[in-house]
């Protein structure tokens, strides 16, 4: 079963879980399953229109899904998705 690894700031919405087993044939399916399991994550990852927020980066086994087939990328049984929100800021 594929898993999604969450960064520390999002783990408070999953009861502290780091690796979440998900079901689905594609990255999109896996993300929908994650939202089904932990609906409080949705506003942090998706817009009101249901689009993945622009600052959310998804990696499939170390490869950015944008360089694959995006959220339509097919998943294998032992795949690991890594969810990484972009971080901005700093001083000039």
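Computed from the coordinates by the stated procedures, all read-outs in this text should not be read as laboratory data. Fair warning: this is a prediction, and the values are worked out from it, not measured in the lab. Every residue, glycine among them, receives a Cβ derived from its backbone with ideal geometry; neighbour counts consider all protein chains shown.
Extending 7 Å from the Cα toward the beta-carbon at both residue 46 and residue 5 defines two label points whose distance is 2.5 nm.
Which entry in [x] 20, 16, 13; [y] 32, 16, 12; [z] 29, 19, 17 is this structure's computed semi-axes √(5λ) of the Cα gyration tensor in Å? Evaluating semi-axes √(5λ) of the Cα gyration tensor in Å on these atoms matches [x].
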